[in-house]
1. Roughly what would the spin-label model give for residue 108 and residue 80, points 7 Å off Cα along C-beta, in nm?
2. Mind running the shape call on the range 1-68? Use the C-alpha gyration tensor, a ≥ b ≥ c as the square roots of the eigenvalues: rounded below 1.5 for a/c, prolate if a/b tops b/c, oblate otherwise.
3. Once you put a point 7 Å from the Cα of residue 88 and another 7 Å from the Cα of residue 47, both along the Cβ direction, what distance in nm separates them?
4. Nearest 5 is fine: what % of DSSP beta bridges in the range 3-91 come out antiparallel, could you say?
5. Given axes a ≥ b ≥ c from the Cα gyration tensor, I'd like to know whether the range 20-102 is rounded (a/c under 1.5), prolate (a/b larger than b/c) or oblate.
6. Based on C-alpha coordinates, I'd like the Rg and Dmax of the range 46-91, in Å.
7. Using a Förster distance of 25 Å, how high is the FRET efficiency between residue 2 and residue 37, based on the Cβ-Cβ distance and rounded to 0.05?
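Coordinate-derived values only; no laboratory data. In this text, all values refer to a predicted model and were calculated from it rather than measured experimentally. Here the Cβ positions follow ideal geometry from the backbone for every residue, glycine too, while neighbour counts run over all protein chains shown.
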């Protein structure tokens, strides 16, 4: 695998990219803070396979060159990889105890938590939750994370056992 720094204007966005509502600003912030952590992947004709949002963010940042990996794949593999790369990360789930603890450690280090990519409401939910109670199975209470409000949706079953989070839930009732 050979990653090269290539002129940004040489790369061609895939015109039928099915991803929408890319968070270009968040990715630009990430690139600015951490640099490139993954190259943009292109086919033999320099058409983007993976990294459309990184390409848009790089343009927004005024970058002239970006790290690029040229991949030789069949047309079928290229189409499938475009979809798989975006879809596979959606299957992951968070361990909210560990995530909350990591975020609290970053907060104690005075790190800007918005650079983690989480929205303000998500951060409030995760930071307000007391992860030190060993009896509470937080992940068992979480039904889902609402993708529109970015709020954690709880199962209200057996909630009275966990009175210490009722206040947190009441602050999020307006969902």
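1. With each label point 7 Å from Cα toward Cβ, the separation is 4.6 nm.
2. Details: a/c = 1.67, a/b = 1.11, b/c = 1.50.
It is oblate, given that a/c is not under 1.5 and a/b is not larger than b/c.
3. Each label point is offset 7 Å from its Cα along the Cβ direction, giving 2.2 nm.
4. DSSP beta bridges in the range 3-91 are roughly 65 percent antiparallel.
5. Values: a/c = 2.34, a/b = 1.26, b/c = 1.86.
Oblate shape, in that a/c is at least 1.5 and b/c is the bigger or equal ratio.
6. Cα-based Rg and Dmax for the range 46-91 come out at 12.2, 34 Å.
7. Numbers: r = 17 Å, r/R0 = 0.69.
Step by step, r from the Cβ atoms, then E = 0.90.
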